[in-house]
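**Q** Got a structure here, written out as C-alpha cells. Questions coming.
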Amino acid sequence: MLSLNRVLPLVYEQAWQAVLDDTPLCRTALLRTPDGGLRRTVRAHARFPLHTVDWRATRPEVQDARLSERLAREAAIGLPLDRAPLMCATLIRRSDRTWTFAWRYARELMGRRAGLGLLDAATEAYGALLSGAAPRHADTRPGAAGGLVGTVAR
C-alpha cells in the first residue's frame, strides 16, 4: 500500500501501462505443466488493471475497515496465474487530496526487489507524463536490468 497526494488517476494508469508495455516480466503469465511446475509465457500485450474508487463520503475509520476487508478478500481469492499481468491495483480516493494505492502482484513471479523496481519505474513514468514528456523505456532506466528480474517458484 502506498499513500499518494493529488493524483491524476488517468495519468497514473497511463504511467503503469507504459511500464507494463516495456517490461516483459509484467506481461508474463504462468501456466501449469503436466508435472505440476510452472512455465512462463510472455504476452504481447497486457492491460494494467487499475480500479479507481472514491471513498470521500465515508469517515476515515470506515475507510480503514473497508480497506482491510478489501485486502483480505483479494488475498483470499488470489491472482489467476494464467492471465497477465499477474497483479491487481486499486486507487482509492480518501479525501480531496489523499489517495491510497493498493497493489498486489504474484510472488510466484516477482520478488520484493522487482516489485519495488516497478513502483520506481511507474513513479518515474508518472512524473514524465505530468511534465508532458514520454516515459523512458525500461532498457534506458537506471538499474532496470537488475531491478526487474524475477524467478519462477516451483
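**Q** Roughly what % antiparallel, to the nearest 5, for the DSSP beta bridges in the chain? Mind dumping the intermediate values first?
**A** On the way: 16 of 21 bridges.
Approximately 75 percent, going by the DSSP bridge assignments.
**Q** Please report the carbon-and-sulfur percent of the accessible area for the chain; probe 1.4 Å, protein heavy atoms only, DNA, RNA and ligands left out.
**A** For the chain, the apolar C and S fraction of the accessible surface comes to 54 percent.
**Q** Kindly report the accessible area of the chain per residue (heavy atoms of protein chains, probe 1.4 Å, no ligands, DNA or RNA), in Å². Don't jump to the answer; show the numbers that get you there.
**A** Numbers: 8710 Å² over 154 residues.
I get 57 Å² per residue for this part.
**Q** How large is the helix-only mean residue ellipticity at 222 nm for the chain, computed as the sum of -39500 (n - 2.57) over DSSP H runs with n ≥ 4, divided by its residue count, in deg cm²/dmol to the nearest 500?
**A** -11500 deg cm²/dmol
**Q** What is the sum of charges around Ala102, taking Lys and Arg as +1, Asp and Glu as -1, for the other residues whose C-beta is under 9 Å from the C-beta of Ala102?
**A** My count for the surroundings of Ala102 gives +1.
**Q** Let me ask something additional. Given the options Leu116, Leu20, Leu86, state which has the largest fluctuation in a GNM of the chain using a 10 Å cut-off (strictly under) for Cα springs.
**A** Maximum among the listed residues: Leu116.
**Q** Can you tell me the mean projection area, over all orientations, of the convex hull of segment 43-119's alpha carbons? Units nm², please.
**A** Averaged projected hull area, Cα only: 6.0 nm².
**Q** Please work out whether the chain counts as rounded, prolate or oblate from its C-alpha gyration tensor, where a ≥ b ≥ c are the square roots of the eigenvalues and a/c under 1.5 means rounded, while otherwise a/b larger than b/c means prolate and anything else oblate?
**A** On the way: a/c = 2.33, a/b = 1.25, b/c = 1.86.
It is oblate, given that a/c is not under 1.5 and a/b is not larger than b/c.
The values are calculated or read from the model by the stated rules, or taken from the named source; none is laboratory data. Since we're looking at a predicted model, the values are computed, not measured. Note: ideal-geometry Cβ built from the backbone for every residue, glycine included; neighbour counts use all protein chains shown. Ligands, DNA and RNA are excluded from the accessible area calculation, which covers all protein heavy atoms including side chains. Shrake-Rupley method; radii C 1.70, N 1.55, O 1.52, S 1.80 Å.
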